[in-house]
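Chemist: Let me begin by handing over the structure; questions about it come next.
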Amino acid sequence: MSATLRHIRYVLSENLVTLGAFALFTAFVLLAVLGPIVAPYDPLATDTARAMQPPSAAHWFGTDALGRDILSRIIIATRLDFGIAVAAVALSFVFGIALGLAAGFFGGWWDRIILRLADTIMAFPLFVLAMGIVAALGNSVANIVYATAIINLPFYIRVARAEANVRRNAGFVEAARLAGNGDWRILSHHIFPNILPPAMVQVSLNMGWAILNAAGLSFIGLGVRPPTPEWGIMVAEGATYIISGEWWVAFFPGMVLMLAVFCFNLLGDGLRDIIDPRRRT
Amino acid sequence: MSGVLLETVGLSRRFAVGRRAAGGKRASMLHAVDDVNLRVHAGESVGLVGESGCGKSTLVRLVSRLLDPSEGAIVFRERDIGAVPAAQFAAHPERGKIQMVFQDPTDSLNPRYSAADTIAEPMRLLRGARGDLAIAVRALADAVGLAPELLARFPHQLSGGQKARVGIARALASEPDLLILDEPTSALDVSVQAIILQLLARLRRERGLAYLFVSHDLNVVRLLCDRVVVMYLGRVVESGPAAEVFAHPRHPYTRALVSAIPGGTANLAGGRIRLSGEVRSPIDPDPAVCRFYGRCMQGAPRCGAEMPLLREPVAGHAVACHFDR
Amino acid sequence: MSAEIPLLKVENFGLEFRTRSGVVHALEGLNLAIRKGETVGLVGESGSGKSVLSFAMLGISDAAARVTGGSAWFGGLDLLKAGESDLAEIRGREISMIFQNPRTALNPIRRVGAQIEDVLKRHAAVRSADLRARAVEALRSVNIPDPERRYAAYPFELSGGMCQRVMIALALACGPALLIADEPTTGLDVTTQAGIMDLIAERARASGMATLFITHDLALAAEHCDRIIVMHAGHIVEAAPRRELFAAPRHPYTAQLIRATPAAGSLLEGLSAIPGNLPDLRRRDLPSCRFRERCERASSACDAPLPRIDAEALSGVACWHPLAVVAEAA
């Protein structure tokens, strides 16, 4: 176990970008967990007397049209945005990897059907598809999660299928068969652990997209509804004021959104280095 | 010699190649293994030699039940195991009795399994061992000369020779009767090769194993095998006692093979033989033409009209050539 | 013979790799010379540095590689200090190379004939009207059956042996003075291997070309080389004419290597493995003799700097306790 920790420390010290991404990620997770404790104000408390104040010592990120503290709203929104992203990515990871493994390993009809499914999803503009799903299923947080999971499914199917396809013929799979493993055990015990590194990179990239997707749906009025604090809604609410000079209302939530996506994208490569045992020295 | 452990009868494997023609014509078939009768006695070491593409890997995968035959039977310990689909053979009672050591020690080890996990898996799955197998794994590691402190390591932390030992220990973990060795030392350095070969010889002596040893290195086959089977384009062209085949090869292909051994030319009458011409295609081959015709220095019109069958001019030494009398 | 200026003379050549986990002292103090028309075998196990050496001679090396010293004179040019344009001029025309795994060395989406024409155009200044004829001729010269048809073939349509023949045709198209053959037959069948080795020897004889034949297979080197150089862990440990080397190996490593190699007459019991492993070349405290920790003859005398083999000497041994010539030959 200590070897693993040493390795993580080694990868991080060798790669400052990854270290920065990890630090940022940790900060986001802390905000998501501790949100209500660290937020300086009640995110829902309106105070028209203090509406539209620019950033100041009292309100670091300023206040919005209803006089709510933008910093507090951003902090509280972290839990919701991350929650949606994690749940959606977890769903597409589980189902996408399972489908992709079956397609790549068994080939034949499995492969044809599963690949068609992935192609069908990919044929739509993904955001429009997500809009359609939420519109059809109803406007709720759960449905945003399902929609985001569905549009991310093809990426996992493809990663798992490609990797399983290559490894299906690897010597260690033949050896596992000789050691008495049936198909399912080969998939779960031999191939799955080996596709974890590329899948984790996909997870990290997807987290960024998932957050952006959830925010995007809220931005156009689907999914999360006001007054719930959510980054997408906050950007949408602030967008109208940019022309009139109240830039901070949209700027800070947009900035945080960008940082979150950026952070996950950078995390991908670092994760691969940590998970792949061949890079451990 | 004790009883027959493994026997293949008319074993063939064909693979469909290319696209089916639009007219509904049958797809072209690659004849990888064609009508092979192979016999391995208990405790015997049989070498299987031939060039790449001659079907020895396919044959080995048929016998080890990783691949299903197109035709023919595989009789192992008096049971026909050829009819059991390869996908279901993992649960077959004979699974543990036929094991294999792979060519590439790196590729054949799961990069995420420690040496101990790799060796323990067949014990659990094939012998129903439960609980802590540390003692059994350690004993097996000891038998193949793998230091116990290496058992916790992953493949990338082991040297080539150490990985080869892990592969051998895994194959022995289910206590097989027949061990198939698919070029077990071709990926190793000479300095390690010698000790692995000696280990294999010792294990066979101690455990009464039968070996089916595939190799392209005839010097190695000569060292390890009692009998040798020479394959050419899917068919057996010669088989016999190893010393006999190397000293007096009867088939022209075997003669060329023996004369190509580096440093082996001197003791062969007739000097070096170099093959010219092209290898015949294994796709839909003409059943009436000798597969070696065209490359053979003795080729005659008869070879293009009649496939020579395997005969036994001398007891125990079979050859498939019209010119052998 | 020693009065003659060698074709290639490498002196005191050293090379290291800078890696994340430290500096790898890959090659150190190499001396060797190759004379005109000579076939020299460079034999060593994996990790001995034999391929690194051959690539360095062509100025091809990893970005992490750094030459630490020495010279490699070829004609009037020091290959280690030459600029990229000089090297490009020499590569292919004066020094050619063939590799293991010919299929990957050929461009998969160009016909083999066109690939030979490229080389002819670039290095041999052949008129475009003659290109096709010369390319077919080149294929014929490496005993490819039906060269007219093979001219239009793609690499994937040819067997491994055929691809290696095409590689040889490419390498020899401009009549180089030196051919570096890096494990040219590894992965090929014995019968094909014999054909390829014969072909190289035959072409070398015909044009007076020198060959540096790099291999891990001592038996193969024994059959095809005039002189053999043995490498271990980035050092040249012994050089000797072939017969001398096998009759009376002087370095303990050479002797053990010969004993470990299965040959025509050997018995399994007669084979002996070489104990120990290569030393970690990243170590700061590498002993002056890198075989020392595996050697049964090592003593405190081995702490002294290793005796070097003179580049132009026909034979030599880098050891303080070499095996006696007479005793071993008897």
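Chemist: Stick to Cα atoms and the Kirkwood definition of Rh, then tell me Rg/Rh for the range B:82-178.
Modeler: Ratio value, two decimals: 0.97.
Chemist: Of all the stretches in chain B, which is the longest one without any exposed loop site, taking GluC sites (Glu not before Pro) in a DSSP loop (any state but H, G, I, E, B) with at most 13 other Cβ atoms within 10 Å?
Modeler: B:79-277
Chemist: If you take every residue apart from A:Met122 with its C-beta less than 14 Å away from the C-beta of A:Met122, what net charge results, scoring Lys and Arg +1 and Asp and Glu -1?
Modeler: Net of charged neighbours comes to +2.
Chemist: Set Lys and Arg Cβ to +1 and Asp and Glu Cβ to -1, take the dipole of chain A about its Cα centre, and tell me which of A:Leu30, A:Gly67, A:Ala90 lies farthest positive.
Modeler: So the residue furthest toward the plus end is A:Ala90.
Chemist: Using a 10 Å cut-off around each Cβ of peptide A:180-186, what is the average number of partner chain Cβ atoms that fall inside?
Modeler: Across A:180-186, the average partner-chain Cβ count within 10 Å equals 5.
Chemist: Taking the Cβ of C:Pro184 as the centre, find all other residues whose Cβ is under 15 Å away and add up their charges (Lys, Arg: +1; Asp, Glu: -1).
Modeler: Cβ neighbours under 15 Å give a net charge of -3.
Chemist: Beyond 26 Å, what share of the Cα-Cα pairs of the range A:2-279 is found? Please give it as a whole percent.
Modeler: 52
Chemist: How long, wide and thick is the range C:211-287, going by the Cα atoms along their three principal axes, in whole angstroms, largest first?
Modeler: Sorted largest first, the three principal extents are 41, 34, 20 Å.
Chemist: Still on this structure, please answer the following. Any cysteines in chain B with zero other Cys Cβ atoms under 4.7 Å from their Cβ? List them, or say none.
Modeler: B:Cys54, B:Cys225, B:Cys296, B:Cys321
Chemist: Size of the dipole of chain B about the Cα centre, Lys and Arg at +1 and Asp and Glu at -1 on the beta carbon, nothing else charged, in debye to 20?
Modeler: Value, rounded to 20: 380 debye.
Chemist: Further question: From the phi of every residue in the range A:119-129, what ³J(HN,Hα) in whole Hz does the Karplus formula 6.51 cos²θ - 1.76 cosθ + 1.60 yield, where θ is phi - 60° and glycine or proline is x?
Modeler: 4, 4, 4, 5, 5, 7, x, 4, 5, 5, 4
Chemist: Would you please state the base-10 log of I(q)/I(0) at q = 0.06 1/Å for the protein assembly as shown, with intensities from the Debye formula using one equal scatterer on every alpha carbon?
Modeler: Rounded to two decimals, the profile gives -0.56.
Chemist: Please identify every one of the trypsin sites (Lys or Arg not before Pro) in the range B:78-143 that sits in a loop by DSSP and has no more than 11 other beta carbons within 10 Å of its own beta carbon.
Modeler: Passing sites in the range B:78-143 are B:Arg130.
Chemist: Treating only the Cβ atoms of Lys and Arg (+1) and Asp and Glu (-1) as charged, compute the dipole magnitude of the protein assembly as shown about its Cα centre; round to the nearest 20 debye.
Modeler: 1080
Chemist: Moving to a separate point now. Roughly speaking, what % of Cα-Cα pairs in chain C are separated by over 26 Å, rounded to a whole number?
Modeler: Value for chain C: 50 percent of Cα pairs lie more than 26 Å apart.
Chemist: Let me test this: with uniform point scatterers at the alpha carbons of the range A:4-66, what is the Debye-based log₁₀ I(q)/I(0) at q = 0.12, 0.14, 0.18 1/Å?
Modeler: Result of the Debye calculation: -0.52, -0.62, -0.78.
Chemist: According to the Kirkwood expression over distinct Cα-Cα pairs, how big is the hydrodynamic radius of the range A:73-224, in Å?
Modeler: With all distinct Cα pairs of the range A:73-224 included, I get 16.3 Å.
Chemist: Could you bin all the Cα-Cα distances of the range B:174-325 into 10 Å bins starting at 0 and give me the percent of pairs in each, rounded to whole numbers?
Modeler: Spelled out per bin, shortest first, that is 10, 35, 34, 17, 4, 0.
Chemist: Hand me the trypsin sites (Lys or Arg not before Pro) from the range C:54-140 located in a DSSP loop with no more than 12 other Cβ atoms within 10 Å, in residue order please.
Modeler: Answer in residue order: C:Lys81, C:Arg127.
Chemist: Then there is this: Over its Cα atoms, what ratio of radius of gyration to 2.2 N^0.38 Å does the range B:252-325 give?
Modeler: Against the compact-globule rule of thumb, the ratio is 1.19.
Chemist: Another question, if that's okay. Check each of the GluC sites (Glu not before Pro) in the range A:159-251 and keep only those in coil by DSSP with at most 10 other C-beta atoms within 10 angstrom; list them in order.
Modeler: none
Chemist: Which lysines have a Cα lying under 16 Å from the Cα of C:Lys36, excluding residues fewer than 8 positions away in the same chain?
Modeler: Cross-link targets: C:Lys9.
Chemist: Just to check I understand the Karplus step: with θ = phi - 60° and J = 6.51 cos²θ - 1.76 cosθ + 1.60, what whole-Hz values come out for the range B:153-167, glycine and proline as x?
Modeler: Using θ = phi - 60°, the values come out as 7, 9, x, 5, 9, 10, 7, x, x, 5, 5, 4, 5, 4, x Hz.
Chemist: Just add up the charged neighbours of C:His123: K/R +1, D/E -1, any other residue whose Cβ is under 13 Å from the Cβ of C:His123.
Modeler: Net local charge, C:His123 excluded: +1.
Chemist: Any idea what the relative contact order of the range B:252-325 is, in percent, if you count C-alpha pairs under 8 Å spaced at least 6 apart?
Modeler: Computed over the range B:252-325, the figure is 21 percent.
Chemist: A further question on this structure: Over all directions, what mean area does the Cα convex hull of chain B project, stated in square nanometres?
Modeler: Hull-based average projected area comes out at 18.7 nm².
Chemist: How big is the charge dipole of chain A about its Cα centre, in debye rounded to the nearest 20, if each Lys and Arg gets +1 on its Cβ and each Asp and Glu gets -1 on its Cβ?
Modeler: Roughly 920 debye for chain A.
Chemist: Given a cut-off of 17 Å, what percent of all Cα-Cα pairs of the range C:145-237 lie beyond it?
Modeler: Summing the P(r) tail past 17 Å for the range C:145-237 gives 54 percent.
Chemist: Continuing with the same structure: Among C:Leu257, C:Thr192, C:Ala152, which residue has its Cα positioned farthest towards the positive end of the charge dipole of chain C, with +1 placed on the Cβ of Lys and Arg, -1 on the Cβ of Asp and Glu, and the dipole taken about the Cα centre?
Modeler: C:Ala152
Since every read-out is calculated from the coordinates, none of them should be taken as a lab result. This is a predicted model, so every value here is computed, not measured. Cβ sites come from the backbone with ideal geometry, for glycine too, and all protein chains shown count toward neighbours.
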